[in-house]
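The values are calculated or read from the model by the stated rules, or taken from the named source; none is laboratory data. It should be emphasised that the depicted structure is a prediction, and the values quoted were computed from it without experimental measurement. When we count neighbours, we look across all protein chains shown, and the Cβ atoms used for this are built from the backbone with ideal geometry, even at glycine.
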Amino acid sequence: MLLQLRVKPRSSRSALEIDASGVAGTAWLKSPPVDGKANEELVALLAEHFDCPRSAIAIKSGAGARLKLVSVQVES
């Protein structure tokens with residue numbers, strides 16, 4: 001599954017909101033966008049949300065941007 005996420009680093013909370021279509025959403029992250037810390041927190045947040053290992057999450061594009069395309073491999 002591919003998700004298009006708008007990431008908001010340095011937020012006061014860590015939260016994930018995915019729209020009804022399940023294709024796009026917003027992620028609020030406490031971590032700053034420095035040295036990949038925000039990306040690490042995003043992967044951990046998605047792994048917890050989808051109840052899968054972190055290795056099942058991959059940032060396909062936008063690793064240095066606020067708009068990211070993320071691949072999630074969820075077993076059915």
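Things worth noting here:
- Residue match in the range 11-30 (condition: farther than 18 Å from residue 63 by Cβ, in contact with a Phe, Trp or Tyr (Cβ under 9 Å, 6 or more places away or on another chain) and among the acidic types (Asp, Glu)): yes
- Scanning the range 50-62 for residues that are closer than 17 Å to residue 4 by Cβ and exposed (fewer than 15 other Cβ atoms within 10 Å of the Cβ) yields 58, 60, 61.
- Qualifying residue in the range 46-54 (condition: aromatic (Phe, Trp, Tyr) and modelled with pLDDT under 95): yes
Each row is one residue, and each column tells you yes or no for (1) small (Gly, Ala, Ser); (2) in contact with a strand residue (DSSP E or B) (Cβ under 7 Å, 6 or more places away or on another chain).
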site	(1), (2)
11	yes, yes
17	no, yes
31	yes, no
35	no, no
38	yes, yes
51	no, no
58	yes, yes
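- Of the criteria (1) under 25 Å from residue 75 (Cβ atoms); (2) free of Cβ contacts under 8 Å to residues at least 12 places away in the same chain; (3) not polar (S, T, N, Q), which one residue 49 fails: (2)
- Just one residue in the set 65, 47, 20 is within 9 Å of the chain's Cα centre (by Cα), on the phi < 0 side of the Ramachandran plot and either surrounded by 14 or more Cβ atoms within 10 Å (Cβ to Cβ) or not in a strand (DSSP E or B) (or both); that residue is 47.
- Number of residues in the range 28-39 that are part of a helix (DSSP H, G or I) and either touching a helix residue (DSSP H, G or I) at 6+ places or on another chain (Cβ under 9 Å) or surrounded by 15 or more Cβ atoms within 10 Å (Cβ to Cβ) (or both): the value is 2.
- Check on residue 7, crowded, with 17+ Cβ neighbours inside 10 Å and in contact (Cβ under 8 Å) with a residue 40 or more places away in the chain: yes
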